[in-house]
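Peer 1: What follows is a structure written as structure tokens; I'll ask about it next.
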Amino acid sequence: MEKFDVIVVGAGPAGSTAGYLLAQAGLNVLIVERGQTPGSKNVSGGLIYSKLAAQIFPEFWNSAPVERAITNHQLTMLSENASVGLDFRSQEAAQPPYNAFSVLRARFDPWLAKQAEDAGAALITGVTVDSLLVENGRVLGIQAGPDLIGADVVVVAEGTRSLLLKLAGLREEFHPHDVSLGVKEIIALPEKTIEERFQCTSDTGMAYTFVGHTCGIEGGGFLYTNKASLSLGIVVKIDALYQSKRQPHQVLDEFKSHPLVARLIDGGEVVEYSAQTVHRGGFHLMSKLYGDGYVVAGSAARLLLNNIMTLRGMDFAMISAAEAARAILAAREQQNYSATALAAYETNLKQTSIYQDWQTFKATYPLLENKRLFEVYPELACKVMENLFSPTTQPGSKALAVLREEMKGKVSMVDLVKDVYQISRGVVL
Ligand SMILES: Cc1cc2nc3c(=O)[nH]c(=O)nc-3n(C[C@H](O)[C@H](O)[C@H](O)COP(=O)(O)OP(=O)(O)OC[C@H]3O[C@@H](n4cnc5c(N)ncnc54)[C@H](O)[C@@H]3O)c2cc1C
């Protein structure tokens, strides 16, 4: 049986980062990717937060195919016909080390994989790993079609569905409650139109996060500006979607029909449609990260953070892969690839800022369960604003009086106070 020091399954951000770092350290690395090219099978909103990624690939923005530096973030609540939002703009985010870039995975992932190849890793694409070779609980390599290939360690970076680990009995069943479905379109628009419509320069761009107008299903929407296209999508809880008896494209169409969204995408042509599951994230959901002869990196281990303002999966994938690589290199020094030796991966990960971020935002997770946040409050916020900004022939009221009136039959004062407390604990206090 042919043998490598390390086999990496998947050439997404986790797999290519692990492959890059291990090959750079002189190991004999094979990366196996089922897509014809890296990124061809991947779905992502497309914002990569740059500061952690730059720890691994310094100043990657100079050579990577990034679309626009995001300098304007909008958090917008949508009611039936109106919207109310927070608008954050920063010129600092237009300069190194930036904050976030929009990327198209079909272009960005091949660049990442090329870094691994240039460092000496072998990459094969268009090949699906069918199973992990497991003997007495120890992973010894992979099977891909008729080929059996051995390795001291397998880095499982197969992404969110994590089927190989499931098949090998190496992970717990995922609960639908903890999974959302992301549906995304890429909408082509001329560069000039994007710059005029979103008030950005040729290098900078804008990111919208939307709450509301997803048929009352817990979740939200996003719209990011690329160079000559928009990435638009929704991420909704899968069990709530199922209960709603709606098809994902119906929820997306409803979202796109909102007057604000419709205006932003006006004249665009849908050139790509894709869907993928995405985990809720959080350290309490993190899968088992290592075992005898293997480590799990990126979204295969449910390593991501969704705190409503940001959905971070790519930088989490890269940092987890870097820590996994560090543990593999330490294990190699002892020529010991047992679970005990590879446990250093989890210890390392717990020292990183991504783990700290999970702790910091742990009170955000219950927010994503709160139906009122997605169904009732966007409507209320818009009503209050409408009253404040729209004098009529009738005497006006102050915000609290309008709020009380609009709350009738929708939410009690007790629930409102509880929710304000929950929101404060989630993102403020
Ligand atoms: C709608 C949506 C929007 C998102 N928006 C953002 C965002 O804006 N910013 C952000 O940071 N994150 C975002 N995420 C999350 C982000 O996409 C993931 O967390 C990230 O891609 C994880 O990287 P990864 O390398 O672990 O897995 P992936 O990127 O999924 O890569 C896994 C790779 O493994 C390959 N593979 C799988 N099985 C096999 C097999 N058996 N054999 C060979 N190859 C295999 C796949 O083809 C794929 O290339 C979003 C996700 C969704 C669904």
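Peer 1: Relative contact order (percent) for the chain, with alpha-carbon contacts under 8 angstrom and 6 or more residues of separation?
Peer 2: With pairs under 8 Å counted, the relative contact order is 19 percent.
Peer 1: Pull up the cross-link candidates among the aspartates and glutamates for residue 288, meaning alpha carbon to alpha carbon under 18 Å and not fewer than 8 places away within one chain.
Peer 2: 158, 172, 173, 178, 323, 346
Peer 1: Moving on to the next point. For the pair residue 2 and residue 369, how long in nm is the line joining their label points, each one 7 Å along Cα→Cβ?
Peer 2: For residue 2 paired with residue 369, the spin-label model returns 4.8 nm.
Peer 1: Tally the DSSP beta bridges in the chain and give the antiparallel ones as a percent, rounded to 5. Let's see the in-between values first.
Peer 2: Numbers: 58 of 84 bridges.
Roughly 70 percent of the beta bridges in the chain run antiparallel, per DSSP.
Peer 1: With springs only between Cα atoms under 10 Å apart, run a GNM on the chain and tell me which of 134, 32, 295 wobbles the most.
Peer 2: Among 134, 32, 295, the largest GNM mean-square fluctuation belongs to 134.
Peer 1: Moving on to the next point. Only residues of the range 293-319 count here: report those whose backbone N is under 20 Å from the spot 7 Å along Cα→Cβ of residue 347, or say none.
Peer 2: Under 20 Å, as judged by backbone N against the label point of residue 347, lie 293-297 of the range 293-319.
Peer 1: Multiplying the sequence separation of residue 135 and residue 263 by 0.36 nm and subtracting their Cα-Cα distance, what value in nm do you get?
Peer 2: Here the segment from residue 135 to residue 263 would lengthen by 40.3 nm.
Peer 1: Enumerate the amide H contacts of residue 308 below 5 Å, restricted to partners 5 or more residues apart or on another chain; note that Pro and chain-start residues carry no placed amide H.
Peer 2: HN-HN under 5 Å from residue 308: empty list.
Peer 1: Another question, then. For the range 1-143, what proportion of DSSP beta bridges, expressed in % and rounded to the nearest 5, is antiparallel?
Peer 2: Close to 70 percent.
Peer 1: Just the number please: accessible area per residue for the range 365-428, 1.4 Å probe, all protein chains included, in Å².
Peer 2: Spelled out: the 1.4 Å probe surface of the range 365-428, per residue, equals 66 Å².
Peer 1: Further question on the same structure: Counting only heavy atoms of the protein chains, get the accessible area per residue of the range 1-160 (1.4 Å probe) and round it to a whole Å² value.
Peer 2: Per residue, the range 1-160 has an accessible area of 41 Å².
Peer 1: Okay, moving on. How much FRET efficiency would the formula 1/(1 + (r/R0)^6) give for residue 91 and residue 336, where r is the Cβ-Cβ distance and R0 is 45 Å, rounded to 0.05?
Peer 2: 0.35
Peer 1: A follow-up question, please. Counting only complete DSSP H runs, which helices of the chain cover 24 Å or more along their long axis at the Cα atoms and score a mean Kyte-Doolittle of -0.5 or above?
Peer 2: Taking the DSSP H segments of the chain (at least 24 Å long, mean hydropathy at least -0.5), we get 314-334.
Peer 1: Please report, in debye to the nearest 20, how large the charge dipole of the chain is about its Cα centre when each Lys and Arg carries +1 at its beta carbon and each Asp and Glu carries -1 there.
Peer 2: Using only the charged Cβ atoms, the result is roughly 820 debye.
Peer 1: Additional query: Compute log10 of I(q)/I(0) for the range 177-279 with the Debye formula, placing one identical point scatterer on every Cα and leaving out solvent, at q = 0.15, 0.19 Å⁻¹, to two decimals.
Peer 2: Taking Cα atoms of the range 177-279 as identical point scatterers yields -0.59, -0.88.
Peer 1: Ranking request for peptides 269-275, 182-188, 161-167: highest mean number of other beta-carbon atoms within 10 Å first, then the rest in descending order.
Peer 2: On the way: 269-275: 12.9, 182-188: 19.6, 161-167: 18.0.
The packing order, highest mean first, is 182-188, 161-167, 269-275.
Peer 1: Given only helices, namely DSSP H runs of n ≥ 4 each adding -39500 (n - 2.57), what is the per-residue ellipticity at 222 nm of the chain, to the nearest 500 deg cm²/dmol?
Peer 2: Computed ellipticity for the chain at 222 nm equals -9500 deg cm²/dmol.
Peer 1: Separate question: Between residue 417 and residue 163, 0.36 nm times their residue separation minus their Cα-Cα distance comes to what?
Peer 2: Using 0.36 nm per residue and subtracting the Cα-Cα distance, I get 87.2 nm.
Peer 1: Follow-up. Could you order 135, 375 by accessible surface area, starting with the largest, using a probe radius of 1.4 Å?
Peer 2: 135, 375
Peer 1: Turning to a different aspect of this structure: What is the extension gain from residue 201 to residue 245, computed as 0.36 nm multiplied by their sequence separation minus the C-alpha to C-alpha distance, in nm to one decimal?
Peer 2: Computed gain between residue 201 and residue 245 is 11.6 nm.
Peer 1: Rank 291, 45, 137 by mean-square fluctuation in a GNM of the chain with C-alpha springs under 10 angstrom and give only the top-ranked residue.
Peer 2: Comparing 291, 45, 137 in a Gaussian network model of the chain, the most mobile one is 137.
Peer 1: Same structure again: Take the solvent-accessible surface of the protein heavy atoms, probe 1.4 Å, and return the percent of it on the chain that carbon and sulfur atoms account for. Working shown, then result.
Peer 2: Values: 9830 of 19060 Å².
About 52 percent, which is the carbon plus sulfur part of the accessible surface.
Peer 1: Please work out the Cα center distance from the range 354-429 to the range 231-274, rounded to the nearest Å.
Peer 2: Answer, in whole Å: 23.
Peer 1: What Kirkwood Rh does the chain have if only Cα atoms enter the pairwise 1/r average? Answer in Å.
Peer 2: 22.7 Å
Peer 1: Among the listed pairs 192/237; 362/408; 166/237, which are separated by more than 29 Å between their Cα atoms? Don't skip to the answer; put the middle values down first.
Peer 2: On the way: 192/237 35 Å; 362/408 31 Å; 166/237 22 Å.
Beyond 29 Å between Cα atoms: 192/237; 362/408.
Peer 1: Taking only the alpha-carbon positions of the range 365-428 and ignoring solvent, what does the Debye formula give for the base-10 log of I(q)/I(0) at q = 0.18, 0.24, 0.25, 0.26 Å⁻¹?
Peer 2: Each listed q corresponds, in turn, to -0.70, -1.05, -1.11, -1.16.
Peer 1: Using label points projected 7 Å from each Cα along Cα→Cβ, tell me how many nm separate residue 390 and residue 428, to one decimal.
Peer 2: Modelled inter-label distance: 2.7 nm.
Peer 1: A further question follows. Please work out the average accessible area per residue across the range 177-279, using the 1.4 Å probe convention, and give it in Å².
Peer 2: Dividing the accessible area of the range 177-279 by its residue count gives 40 Å².
The values are calculated or read from the model by the stated rules, or taken from the named source; none is laboratory data. Nothing here was measured: the structure is a model prediction, and the numbers come from that model. Cβ sites come from the backbone with ideal geometry, for glycine too, and all protein chains shown count toward neighbours. When the accessible area is computed, the model is the full protein with side chains, heavy atoms only, and any ligands, DNA or RNA have been set aside. Shrake-Rupley method; radii C 1.70, N 1.55, O 1.52, S 1.80 Å.
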